[in-house]
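**Student:** Can you keep this structure in mind? I'll have questions shortly.
The values are calculated or read from the model by the stated rules, or taken from the named source; none is laboratory data. This structure is a prediction, so every number in the text was calculated from the model and none was measured. For neighbour counting, all protein chains shown are included, and Cβ atoms are generated from backbone atoms with ideal geometry for every residue, glycine included. Please note that ligands, DNA and RNA were not included when accessible areas were found on the heavy atoms of the full protein model with its side chains. Shrake-Rupley method; radii C 1.70, N 1.55, O 1.52, S 1.80 Å.
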Amino acid sequence: MVSLKLLLAISTIKQWHILQLDIDNAFLNGDLNEEVYMTLPKGLTLDSSLTTETNLVCKLHKSIYGLKQSSRQWYKKLSDALLEEGFKQSQVDYTLFARGSNETFIALLVYVDDIIITGPNLPLLHQLQDSLHQKFQLKTLGDLKYFLGFEIARAKEGLFISQRKYTLQLLEDTGFLGSKPSKTPMDPKLRLDNEHGETLDNPSTFRQIIGKLLYLTLSRPDITFAVNSLSQFMATPRTPHLQAVHHLLRYLKGNPGQGLLYSSTSALNLRGFSDSDWASCPVTRRSTTGYCIFLGDSLISWKTMKQPTISKSSAEAEYRALAATTSEITWLQYLLHDFQIPQQHPAFIYCDN
């Protein structure tokens, strides 16, 4: 998802065209490198005059849905086809392919059977579409507008992504569509633990909501810390945890269409902001790392996570947060190199310690 946001940000700044493809029945294209047999499908009847065997099986010549090998074989088929087209596979994100340079540059990003292609030359993108259509049955969906639950709108000022439809559906499913909005994702004075409150009779409802909220954090950095805190109690959720989830849902009700704007006038330099909350977990006394990384003015990566070990001082907690931020920026620099965007200057990381 970080690669997707980086691709959108770069395409907006450089005024590249962004097209979307969808492969029909992707897993059926995979070739099998081993012998695989399956039981006869239900309802299939054989002429008794042709065989007297009753214990028959089918030998597969191609991959089908339901096989454990299906996703791997489809990805191999697609990657081989792209390599034949002259693409080079990124070594830092294997779903990213690129070829050409300057006006002939094309970047291609794959998510199972959904494909995004971008570049400055629109005829070349259409030529690539036609070439892939000869190898796979696909649908050309035109300009990118809706991808993996993200609603994408583009204008002269930039590109805006949000999950408004997904948020409204979540509020409707949980019964909070008509609730009174709250101003904050979580009460700043609230300290959750695994001892206070009664355990929930039906924890599956709490877990389902948290799962949906985790996907919503892909476009909502403002709820990332709250969702991270609540997801730590999925094993045995209690009433205070459920009340905190309800508070968060009311916060989403206040602005369900909030998202990210990628400005078309942004710069192409990386900036990171790092912070930590020392010994904030009352259960484990571990600290929490938080960082966000910008490409110019465009927010492309953020994370809130509990540190793996206990920090003995706030300086140590800040250092671990800086190390995590540095790792992410280093990875992004390699990714920018695949997009043929050199970084002339070191990236800045801002810290308040």
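**Student:** Divide, for region 136-260, the radius of gyration over alpha carbons by 2.2 N^0.38 Å, where N is the residue count.
**Tutor:** After normalising by residue count via 2.2 N^0.38 Å, the value is 1.21.
**Student:** Additional query: Whats the longest run of the chain with zero trypsin sites (Lys or Arg not before Pro) that are DSSP loop and have at most 15 other Cβ atoms within 10 Å?
**Tutor:** 192-284
**Student:** With a 1.4 Å probe and every protein chain left in place, work out the accessible area per residue of the chain in Å², rounded to a whole number.
**Tutor:** 54
**Student:** What is the dipole size for the chain, taken about its Cα centre, with +1 at each Lys and Arg Cβ and -1 at each Asp and Glu Cβ, in debye to the nearest 20?
**Tutor:** Using only the charged Cβ atoms, the result is roughly 740 debye.
**Student:** A follow-up question, please. If you split all Cα-Cα distances of the chain into 20 Å bins from zero, what percentages do you get per bin, shortest first?
**Tutor:** All Cα pairs, binned at 20 Å, distribute as 24, 49, 24, 3, 0 percent.
**Student:** Something else now. Would you work out what percent of the accessible area of region 1-98, with all protein chains in place, is carbon or sulfur (probe 1.4 Å)?
**Tutor:** 52
**Student:** Next question. Report the Cα centroid-to-centroid distance between region 173-188 and region 243-312 in angstrom, as an integer.
**Tutor:** 19
**Student:** Using the alpha-carbon atoms, what tilt in degrees (0 to 90, nearest 10) does helix 314-338 show relative to the longest principal axis of the chain?
**Tutor:** Here the helix axis deviates by roughly 30 degrees.
**Student:** Regarding region 56-166, what's the average projected area of the Cα-atom convex hull, expressed in nm²?
**Tutor:** Taking the Cα atoms of region 56-166, their convex hull projects to 10.1 nm² on average.
**Student:** Using a simple spin-label model with points 7 Å from Cα along the Cα→Cβ vector, what separation in nm is obtained for L56 and K180?
**Tutor:** Distance between the two pseudo-spin positions: 6.9 nm.
**Student:** With the alpha-carbon atoms as the only input, what is the per residue convex hull volume for region 265-353 in Å³?
**Tutor:** 90
**Student:** Separate question: In region 209-290, what percent of the accessible surface is made up of carbon and sulfur (1.4 Å probe, ligands and nucleic acids excluded)?
**Tutor:** 57
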